[in-house]
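Q: To start, I am sharing the structure in question, which I have written as structure tokens.
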Amino acid sequence: MKNRIAIVIAASFVAGGAALGAETIRATFDSVSPGVGCQFSTDSGSSWTGTIAGGMNWTRDNMNPGSYAGLQGNFTTFCIEVTQHVAFGGTYEYFQNTVANGPFPADINFNLPMGDTKAAMLSELFGRYRNSLASNSDYGAFQMSVWEIVYDNGASVSSGVFQIQGAAAEEALANTWLSSLDGSGPMMGGLFALSSREYQDQIVPGPGSLALAGAGGLLAMRRRRVG
């Protein structure tokens, strides 16, 4: 049944990877900075992959930018998909997706797409901490927190299905931030996913997104652990 569901989800997308009617964004991946080197595991520490955790910097393609009117010039995203990749200097086309429906395509091994509960946790993470990020450690810890929410239960990057090693200070900071997420906000509105069938999905605030003073409509989605 799960495989059938995944096939039905995939069938709603055109061959090029964009959702029918979705706005598209074409941009070049420039760098990961600020950020820190680390290793991550998606199998409870059985195997490890080296990476840089941090802000992913992009430049919108001037000649063929896609149909979405926002995110012109340079912008920064955070990765929400560790099973696909992008290369420095590569130019990629994404479609605008909801956070709850990312990453795309569906991955039943990690109960993805992530759904509303994890999307609400990410909204609170962004609302509480995104605007204050400054250092390599800040950006590294923030990216680790994003991965933990997407790929595990949002509790700790030090244990569970998703884990980080090799960046102790950033791990501790990520765990502090994760432990603060209780559904009370503030939440950041306007978040969306940049999704692709073939390339690593991203999460980004839309232009003018603000950390709301209150939780608004998301208050109903009180935080609960997801297994």
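Quick note: the coordinates plus some simple rules give every number you see, no bench work behind them. Everything numeric in this text was worked out from a predicted model, so none of it was measured. Positions of Cβ are generated from backbone atoms using ideal geometry, with glycine treated the same way; all protein chains shown enter the neighbour counts.
Q: Would you grab the residues whose amide H sits under 5 Å from the one on Leu191? Only those 5+ places off in sequence or on another chain, please, with H modelled 1.01 Å from N.
A: Under 5 Å from the amide H of Leu191: Gly206.
Q: Applying the Karplus parametrisation 6.51 cos²θ - 1.76 cosθ + 1.60 with θ = phi - 60° to the phi angles of the stretch 29-41, what ³J(HN,Hα) value in whole Hz is obtained for each residue in order, glycine and proline being reported as x?
A: Calculated HN-Hα couplings, in order: 7, 9, 6, 10, 5, x, x, 9, x, 6, 10, 10, 10 Hz.
Q: Report the extension gain between Ser180 and Thr59 in nm, rounded to one decimal, defined as 0.36 nm multiplied by the number of residues separating them, less their alpha carbon distance.
A: 40.3 nm
Q: Does anything in the stretch 148-171 have its amide N under 16 Å from the 7 Å Cα→Cβ label point of Asn109, and if so which residues?
A: Zone members listed by number: 151-152, 161-163.
Q: Ser159 label point, 7 Å along Cα→Cβ, cut-off 16 Å on backbone N: hits in the stretch 25-51?
A: Residues 44-46 qualify, since their backbone N sits under 16 Å from the label point.
Q: Can you give me the Cα centroid spacing of the stretch 17-82 and the stretch 150-205 in angstrom?
A: Distance between centres, Cα-based: 14 Å.
Q: Pull out a ≥ b ≥ c, the square roots of the eigenvalues of the alpha-carbon gyration tensor of the stretch 2-220, then state rounded if a/c is under 1.5, prolate if not and a/b is larger than b/c, and oblate in the remaining case.
A: Judged from the Cα gyration tensor, the stretch 2-220 comes out rounded (a/c under 1.5).
Q: Now a separate question. Taking the Cα atoms of the stretch 25-143, report the difference between the largest and smallest coordinate on each principal axis, in whole Å and largest first.
A: 44, 31, 29
Q: Gain in length, Ala87 to Asp116, computed as 0.36 nm per residue apart minus the alpha-carbon separation, to one decimal in nm?
A: Computed gain between Ala87 and Asp116 is 7.5 nm.
Q: In terms of the Cα gyration tensor, with a ≥ b ≥ c the square roots of its eigenvalues, is the stretch 126-183 rounded because a/c is under 1.5, prolate because a/b exceeds b/c, or oblate?
A: oblate
Q: Over the stretch 111-184, what is the mean sequence separation of C-alpha contacts under 8 Å (at least six apart), divided by residue count, expressed as relative contact order in percent?
A: 32
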